[in-house]
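Enquirer: The structure follows.
The values are calculated or read from the model by the stated rules, or taken from the named source; none is laboratory data. These numbers were taken from a predicted model, which means no experiment stands behind them. When we count neighbours, we look across all protein chains shown, and the Cβ atoms used for this are built from the backbone with ideal geometry, even at glycine. For the accessible areas, the whole protein counts, side chains as well, though only heavy atoms, and no ligand, DNA or RNA atoms are used. Shrake-Rupley method; radii C 1.70, N 1.55, O 1.52, S 1.80 Å.
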Amino acid sequence: SSHLCSGVSSAGHTPSERFSAPIRLTVARAGVKTEGMRFQCYLVFFLPALASARMPSRLRSSLVTKSAISELYPFYHSTDAIRAELRDLAKSCPEMTLRTVEGHSDSGDTRSIDVASVRASDAEPINRNFLLFGEHSRELISPESGLHLLRTLCGKTALAERAREVLRDSEFEIVVNGNPESRRKVESGDFCLRTNPSGVDLNRNWDEKWQPAEEAELSLPDTNPGPQPFSEPETRVFKELVVAYRPTTFLTVHSGTKGMYMPWAFDREHLAERNEPEMMEILKTLDGDHCHCPFGAAGREVGYSCPGTCLDWVYDQLQAPYAFAFEIYTGPAAEEDLQRRWKEKMESGAFYQKYSHLGHSHFQEIFAEHPSSFVQLSAEDHNPLGMSAEDCFAQFNPSDEQEYARVLDNWSAAYLDMASLVAAKLRGAGLNATM
């Protein structure tokens with residue numbers, strides 16, 4: 001894999017000389033020796049905790065370019081560009097309102113999170129959809145997808161007519177970029193960074209079967225649950241928003257593989273009971289139209305418990321009728337293999353269990369090779385230390401502009417279909433958005 005290394009002569013140099021002239025080399029591992037030279041190589045994009053411990057600060061700062069995304073992938077938005085476009089949409093889209101909410105931690109950290117609301121003025125929506133994008137900063141495609149959905153709801157994409165239909169029965173509250181400060185670091189080239197600036201995984205920091213790191217079944221630096229539930233300013237904002245909104249549908253969006261999940265994530269033995277058949281039916285429909293990927297109860301799908309997630313908290317604590325988590329992208333080679341094997345399993349009948357979880361022992365091998373970012377299978381299977389920066393970007397995000405556009409169009413359509421399907425279920429059950 002490609003790393004940035006600094007050439008150090010066998011005679012030795014001062015630290016400032018050592019790290020003043022990084023060059024790009026292809027190496028198998030750190031510490032490659034050549035004639036007369038010893039190359040001291042460092043992975044630029046370590047997990048935050050290990051990066052701080054192992055890489056000199058001067059090297060870390062010198063190797064991060066200010067415009068990695070704009071130079072390498074100019075079709076992606078920077079955090080500032082996302083914020084600017086949200087403000088432009090709020091001015092031009094009469095259905096949309098935008099506000100910024102600040103969260104504060106006990107240690108004094110402050111984060112500002114933008115939240116957009118969309119509701120048609122002449123509608124009486126029965127379905128309140130809360131969508132959370134960008135919890136994990138390296139999943140750049142997630143906020144891009146959230147922004148595309150907002151543009152769609154405001155009538156600015158090819159899905160505008162479909163959006164108008166959906167807004168008759170559904171309204172939306174959307175956090176487009178849930179981890180903005182860490183996303184800035186990813187935009188500068190730290191393509192493997194998952195956590196918030198304090199090194200906490202925001203999707204392990206919710207007060208639903210939360211466990212401290214030392215007790216967790218899987219404990220890695222990038223799945224650090226924090227010192228206590230809701231310790232982070234970002235998750236405090238998310239909690240404040242979702243409690244006030246009381247959604248009938250909750251969705252969190254990730255990338256790294258492809259999958260569509262429902263509760264529970266914390267437990268691989270039990271299924272959600274409330275609305276379980278209805279949620280499974282919706283996932284099956286969406287899967288056939290948009291994903292062709294694993295779907296079902298999150299913990300049982302991937303065979304690993306995942307405490308402290310937003311999915312489980314909103315479903316349990318707020319009693320949201322419908323709660324989902326989507327993983328919307330993996331690299332082309334992985335997707336091709338995933339879909340080929342998925343089709344083989346589906347056609348064999350090994351994976352069909354009506355109104356039950358669709359996780360099956362036959363499919364553990366799929367997740368072993370294509371591990372979930374939302375719920376991780378094992379430390380070895382999802383270890384960013386084995387990935388270069390380029391590998392990280394390619395696993396979590398489209399590198400090609402045409403594929404990027406295809407992903408955005410497909411998943412905006414999926415979110416609209418989800419809202420429509422849930423609204424029909426709610427109307428049939430006599431529920432409404434005031435519950």
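Enquirer: Give me a count of the residues in region 154-166 that are open to solvent by 10 Å² or more (accessible area, probe 1.4 Å) and either under 20 Å from Tyr245 (Cβ atoms) or in a helix (DSSP H, G or I) (or both).
Expert: 6
Enquirer: Suppose the filter is open to solvent by less than 10 Å² (accessible area, probe 1.4 Å), in contact with an Asp or Glu (Cβ under 7 Å, 6 or more places away or on another chain) and aliphatic (A, V, I, L, M); does Val115 pass it?
Expert: In short, yes.
Enquirer: Here's a follow-up. Does region 203-211 contain at least one residue that is part of a helix (DSSP H, G or I) and open to solvent by 10 Å² or more (accessible area, probe 1.4 Å)?
Expert: So far as region 203-211 goes, yes, one or more of its residues are part of a helix (DSSP H, G or I) and open to solvent by 10 Å² or more (accessible area, probe 1.4 Å).
Enquirer: Which pairs turn up if I take residues in region 67-83 that are modelled with pLDDT under 95 and look for partners that are assigned to a loop (DSSP other than H, G, I, E, B) with beta carbon separation below 7 Å, at least 6 apart in sequence or on another chain?
Expert: Correct list of pairs: Ala68/Ser188; Ala68/Gly189; Ile69/Tyr76; Ile69/Ser78; Ser70/Ser78.
Enquirer: Of all residues in region 392-422, which are surrounded by fewer than 20 Cβ atoms within 10 Å (Cβ to Cβ), polar (S, T, N, Q) and touching a Phe, Trp or Tyr at 6+ places or on another chain (Cβ under 7 Å)?
Expert: Ser399
Enquirer: Mind listing just one residue for me: the one in region 322-362 that is modelled with pLDDT under 70 and hydrophobic (A, V, I, L, M, F, W, C) and, of those, most open to solvent (accessible area, probe 1.4 Å)?
Expert: Per the stated criteria, the residue is Met346.
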